[in-house]
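S.K.: I'd like to ask you about the structure that follows.
Values quoted throughout were computed directly from the atomic coordinates according to the rules given, and no laboratory measurement underlies them. Please read these numbers as outputs of a predicted model, since none were measured by experiment. For neighbour counting, all protein chains shown are included, and Cβ atoms are generated from backbone atoms with ideal geometry for every residue, glycine included.
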Amino acid sequence: MYRIYTVREGEDLLSIANSLGITPEEIRMINGFANDYEVMQGDLVIVPAVTANPFDNYIVKEGETLYGIAQLFNLDVNDLARLNGLDSNDYIYPGQELLVPKNNISFYITNEGDTLAKIKEKFPKNYDNILNTNQFIYLMPDQVLIFEKNER
């Protein structure tokens, strides 16, 4: 599955590829670009809809807390807990695996009563990316929506 990506100021094929976890050669192949082709701000580029896996596994170490791990990855502790089916005050133990988003990925877990309008209001700069990256948005509580990191 693919989507259209709009090149932003200062980006090149390498930075776009790195943000998606792919190679510049993959972008060139998908788009039929020559090896010396340079993208410019505003160009439309076809890219994979989602990275292969938007999350990494993190192994809990001795003495770590959910709060500390959330801080390590610049996440809200409640979001990290929900992503992993936990409550923010649940005990975690050494060797436990937790999902954490890859560096270029942000996520939002839907709540009861969420609408596309509310999501657009909450993430105005990411709204199009959310729609393009998530194949199905049912807006049922606890649906994980992923999108490329950007300002809220």
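S.K.: Does the stretch 82-93 contain at least one residue that is among the acidic types (Asp, Glu) and touching a Pro at 6+ places or on another chain (Cβ under 6 Å)?
M.R.: No: the stretch 82-93 contains no residue that is among the acidic types (Asp, Glu) and touching a Pro at 6+ places or on another chain (Cβ under 6 Å).
S.K.: Could you check, for the stretch 23-33, whether at least one of its residues is surrounded by 14 or more Cβ atoms within 10 Å (Cβ to Cβ) and of a type in the set (D, E, K, R)? Don't jump to the end; show me each part of the working.
M.R.: First pass over the stretch 23-33, keeping only residues surrounded by 14 or more Cβ atoms within 10 Å (Cβ to Cβ): 24, 26-28, 30-31, 33.
Pick out the ones that are also of a type in the set (D, E, K, R) and you get 26, 28.
Looking through the stretch 23-33, at least one residue is surrounded by 14 or more Cβ atoms within 10 Å (Cβ to Cβ) and of a type in the set (D, E, K, R).
S.K.: For the stretch 59-92, give me the residue count where each residue is of a type in the set (Lys, Arg) and under 22 Å from residue 111 (Cα atoms).
M.R.: At the first step, the residues of the stretch 59-92 found to be of a type in the set (Lys, Arg) are 61, 82.
Of the ones still in play, those that are also under 22 Å from residue 111 (Cα atoms) are 82.
Here the count works out to 1.
S.K.: Of the residues that sit in the stretch 16-34 and are of a type outside the set (Gly, Ala, Ser) and touching a Pro at 6+ places or on another chain (Cβ under 7 Å), which one is nearest to residue 105 (Cα to Cα)?
M.R.: 20
S.K.: Still on this structure, I have one more. Can you say whether residue 94 is more than 19 Å from the chain's Cα centre (by Cα) and touching a residue at least 12 places away in the same chain (Cβ under 8 Å), as far as the supplied structure shows?
M.R.: Values: more than 19 Å from the chain's Cα centre (by Cα): yes; touching a residue at least 12 places away in the same chain (Cβ under 8 Å): yes.
Yes.
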